[in-house]
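To start, the structure under review is shown below, and the notes come after it.
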Amino acid sequence: MSTTDPIHAIATKRWTIALILSVLMLVIYLGFILLVAFGKGLLSILLTQGLSLGILLGALTIVSCWILSLIYVFWANRSYDAAVAQAIAQAVARTTTPAGRKP
Amino acid sequence: MSGSNPLAILFFFVFIALTLVITYWAAKRTKTTEHFYAAGHGVTGFQNGLALAGDYMSAASFLGIAGLVALNGFDGLIYSTGWLVGWPIILFLIAEPLRNLGKYTFSDVVAYRLQQRPVRIAAVIGTMAVVLTYLIAQMVGAGTLVKLLFNLDYTLAVIIVGIVMMTYVLFGGMLATTWVQIIKACLLLGGAVVLAVLVLAQFGFNPMALFAKAAELNGKQVLEPGTKVVTGAWDAVSLGLALMFGTAGLPHILMRFYTVPDAKQARISVVWATIWIGGFYLITFVLGFGAMVLVGMKEVVGAGGGGNMAAPLLANAVGGSAFFGFICAVAFATILAVVAGLTLSGAAALSHDIWVNVVKGGQASEREQLQVARVAAVILGVCAIVLGIVFQGQNIAYMVGLTFSIAASANFPALIMAIFWRRFTTWGAVTAIVLGTVSTLVLLYCGPTIQVDILKNDIAEVSKQWWYFPLKNPCIITMTLSFLSGIVVSLLMPEPAAEAGFAEVERRAILGALAELGPPATKPAPAE
């Protein structure tokens, strides 16, 4: 397949974004787990009465799942879906034109 | 709790009656394999999000985490976060390509451009290993819980769960299973929210006041990392990897993406699932500490079930016996929805992958496919009941970890390489799946989980053996092994046909059925 194929370009773009977001997720979660394993002193710090840094970071890990998912969905719904729709429209135009079905 | 709670039994029967009515309704609509496996692709993204949450949140998440937090404080929360982080991975890497490339099972995607027979047989090994270990964990959990909650005999409880679940799957297929999961998710989320509000009402709606009270009563270490759940750095990372990537290799979760009409709805359904499941796990913070303060650690331990009674006891403490009965019935519904999803995905693997694609070479009539799928569902249901009874009284806490570890080490690597790597081959896929499954089982057997916790060997003695593997969760090694073996075998034995097929995989992963439109494919678009 030629490198100018729009679908291949879309696939590369999607793969890149998906990979970046996945690595971010991995870093956030493994960071949290490694802090639990090695940073006991740090996570035990009380920020206010009843709230240790560990509990806050645990809750933020959950919130970060939401934020990363929403970033992906906003990108996919706007940019990705539009690019795919455009590629389909081009493909349809190319297949229907030679058939000569014009009024 | 001694003695049966009549309200719990009443709620339970209302749930069973309602779901059986739904099953009757669904059975009338389940005429084709499309309906049996994929609910006719007619489920919306929002509905599927709820159903995914219902399929995923097992009794271990609800009763298990509440109990872990009630007894250990902060350490229990490691599971709350771990069980959510797999969902964004599914969203970024799996959901949309899976929906576009496959039909009923994840093997459809792995086998897309590879040789059908060897890949499907390997994928079914991965699927069945996950489904059976998870079924054992759920059935034993079900028997123990129902005994505690309703004071029913263990064997009878396992048989009831098995028969009700088989009824959903056998007659109602995916449509009934979906609605059972949606109802369960609503009940579970609703019940948890009400419970959390009742708890927080006693602390001026300030969770920090609740945590402070817990620290005041039980010492400030309940808010700090302890040593009970995470024993070492490598164990922690290994468990983290298993939870994160295992979610993306669970066949019953992956199968749900075929119930929506297209890839965009698949995307929307993961986001809803992530919101519901994440919200639920945030609530478990409050439920766990609530049980620690309002019920008390001693009472939670005294109720039996290894802490599993924390949430129901909390319901009793803040809402009285009616609410206790309601939460018990919700816990039961939780188990039913998960085992129904598991059984359906196992039946799909046996009938769609093995019977239709391996034995019959892809040629089988609708009638025959449906019959085989139903026979497979009955076989799996009976297996679930028998395994549940055989494993009675065994320590099965490691089973859930094992399930996630196999899913992350066998199914996930094969799926990712099939979707994203051009040079992936048939034998690469077979090696990745089989080696991932076998190495997980072997290393778990040679590790502290089986040797020390189950077989009660002396750790000083056993750790001197040459075969001893020091990690409780082998995922960090086995997942790496699966990826590496898949890559090495693919590079050593190239498969030109598979490489040539990658362009179509790439197109179809993005366009779905529309991939038949336009160049380079020359076929006219089928009316799908």
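Over chain B, what relative contact order in percent results from Cα pairs under 8 Å that are six or more residues apart?
Relative contact order for chain B comes out at 29 percent.
Set the bar at 32 Å for Cα to Cα. Now go through B:Lys184/B:Lys360; B:Lys28/B:Lys184; B:Lys31/B:Lys147; B:Lys184/B:Lys264 and name every pair that lies beyond it.
B:Lys184/B:Lys360; B:Lys31/B:Lys147
How much length is gained on full extension from B:Val378 to B:Val462, taking 0.36 nm per residue of separation minus their Cα-Cα distance?
Fully extending the segment from B:Val378 to B:Val462 adds 26.1 nm.
In which sequence would B:Thr478, B:Thr19 go, from the one with the fewest C-beta neighbours within 10 Å to the one with the most?
Lowest count first: B:Thr19, B:Thr478.
Listing B:Leu441, A:Leu70, B:Leu210 from the residue with the fewest other Cβ atoms within 10 Å to the one with the most, what is the order?
Least to most surrounded, the residues fall as A:Leu70, B:Leu441, B:Leu210.
State the answer as a single residue: which of B:Trp421, B:Met292, B:Leu63 lies farthest towards the positive end of the charge dipole of chain B, with beta carbon charges of +1 for Lys and Arg and -1 for Asp and Glu, about the Cα centre.
Comparing the listed Cα positions along the dipole, B:Trp421 ranks first.
Compute the FRET efficiency between A:Lys40 and A:Leu60 as 1/(1 + (r/R0)^6), taking r as their Cβ-Cβ distance and R0 = 22 Å, and round to the nearest 0.05.
It comes to 0.75.
Only counting other Cβ atoms within 10 Å, I'd like B:Glu495, B:Glu461, B:Glu368 sorted with the fewest neighbours first.
Ranking B:Glu495, B:Glu461, B:Glu368 by Cβ neighbours within 10 Å, fewest first, gives B:Glu461, B:Glu368, B:Glu495.
Over the Cα atoms of the range A:6-96, what is the Rg over Rh ratio if Rh follows Kirkwood?
1.26
For B:Lys213, go through the aspartates and glutamates and keep the ones whose alpha-carbon is under 16 Å away, minus same-chain ones fewer than eight residues off.
B:Glu224
Is the range B:6-395 rounded, prolate or oblate when judged by the Cα gyration tensor, a ≥ b ≥ c being the square roots of its eigenvalues, rounded requiring a/c under 1.5 and prolate requiring a/b larger than b/c?
It comes out prolate by the Cα gyration axes.
Need the list of lysines near B:Lys472 for cross-linking: C-alpha distance under 27 angstrom, and skip anything on the same chain fewer than eight residues off.
Here the lysines satisfying the reach criterion relative to B:Lys472 are A:Lys40, B:Lys228, B:Lys456, B:Lys464.
What is the range B:233-286 by shape, rounded, prolate or oblate, if you read a ≥ b ≥ c off the alpha carbon gyration tensor as root eigenvalues and call it rounded for a/c under 1.5, prolate for a/b larger than b/c, and oblate otherwise?
Oblate, since a/c reaches 1.5 and b/c is not below a/b.
According to the square roots a ≥ b ≥ c of the eigenvalues of the Cα gyration tensor, what is the shape class of the protein assembly as shown, taking rounded for a/c under 1.5, prolate for a/b larger than b/c otherwise, and oblate for the remainder?
Cα axes put the protein assembly as shown in the prolate bin.
How large is the charge dipole for the range B:40-118, taken about the Cα centre, if only the Cβ atoms of Lys, Arg (+1) and Asp, Glu (-1) carry charge, to the nearest 20 debye?
So the dipole magnitude of the range B:40-118 works out to roughly 340 debye.
Determine the shielding of peptide B:281-288 by partner chains: average, over its residues, the number of Cβ atoms on other chains within 10 angstrom of each Cβ.
So the per-residue partner count for this stretch is 2.
Every number here is computed from the coordinates shown, using simple stated rules; none is lab data. Quick caveat, the model's predicted, so the values are computed rather than measured. Counting neighbours? That spans all protein chains shown, and the Cβs are built from the backbone with ideal geometry, glycine included.
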